[in-house]
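Chemist: For reference, the structure I am asking about is given below.
The values are calculated or read from the model by the stated rules, or taken from the named source; none is laboratory data. A quick note: this is a predicted structure, and the numbers were derived from the prediction, not measured. Note that we place each Cβ from the backbone using ideal geometry, even for glycine, and neighbour counts take in every protein chain shown. In case anyone asks, the SASA skips ligands and DNA or RNA and just uses the protein heavy atoms, side chains included. Shrake-Rupley method; radii C 1.70, N 1.55, O 1.52, S 1.80 Å.
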Amino acid sequence: MATRSDSRLEILGREESMRLLATDSIGRLAVVVANTPLVVPVNYALDGEAVVFRTDPGTKFDKGPRARASFEVDSFDRTERTGWSVVATGRLEEVTHFDAATFERVRGLDVDPWAEGEKAHWMRLVPDRVTGRRIARPG
């Protein structure tokens, strides 16, 4: 973990970033639609380092397979003015029965979408880059 000397900003390593990513179940997925970023909330779980979510046909599913995307999770304490943010960037893929082992594994994850709909399609973001930042109290 590196600390900038002129601020309380800490740059987090991949291991700490992944640990923080595993502490939540709601994050934001960013995809590009018509040359414009679209950010949507999703319920998720981790499959190793891959971010797994369920979806119905629509933007995430239509733009997803093989597309580059980012996923972000954060936590803040507004009173203490502290917090952290983790961004995973990589490739989206649909998980299907053609990869039976992965399909069975991700279907066993606790991914419970809040949005209405069947959400029968399992997707995952396989990150090639994971970055994190934390603002801590001085001292």
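Chemist: Counting pairs of alpha carbon atoms under 8 Å apart in space and at least six apart in sequence, what relative contact order in percent does the stretch 39-129 give?
Modeler: Relative contact order here is 42 percent.
Chemist: Loop-only check: which trypsin sites (Lys or Arg not before Pro) in the stretch 26-111 are DSSP coil with at most 16 other Cβ within 10 angstrom?
Modeler: ARG66, ARG78, ARG81
Chemist: Send over a whole-number figure in Å² for the accessible area per residue of the stretch 84-131, probe 1.4 Å.
Modeler: For the stretch 84-131, the solvent-accessible area averages 59 Å² per residue.
Chemist: Of the accessible area of the chain, with the probe set at 1.4 angstrom, what percent is carbon plus sulfur?
Modeler: Accessible surface attributable to carbon and sulfur in the chain totals 50 percent.
Chemist: Next question. Which ³J(HN,Hα) values, rounded to whole Hz and listed in residue order, are derived for the stretch 77-91 from phi using the Karplus coefficients 6.51, -1.76 and 1.60 in 6.51 cos²θ - 1.76 cosθ + 1.60 with θ = phi - 60°, glycine and proline given as x?
Modeler: For the stretch 77-91, the Karplus curve yields 10, 5, 5, 7, 6, 10, x, 8, 9, 10, 10, 10, 10, x, 10 Hz.
Chemist: Can I ask one more? Within the chain, what's the longest run with no GluC sites (Glu not before Pro) in a DSSP loop and at most 10 other beta-carbon atoms within 10 Å? Give the range, please.
Modeler: 1-79
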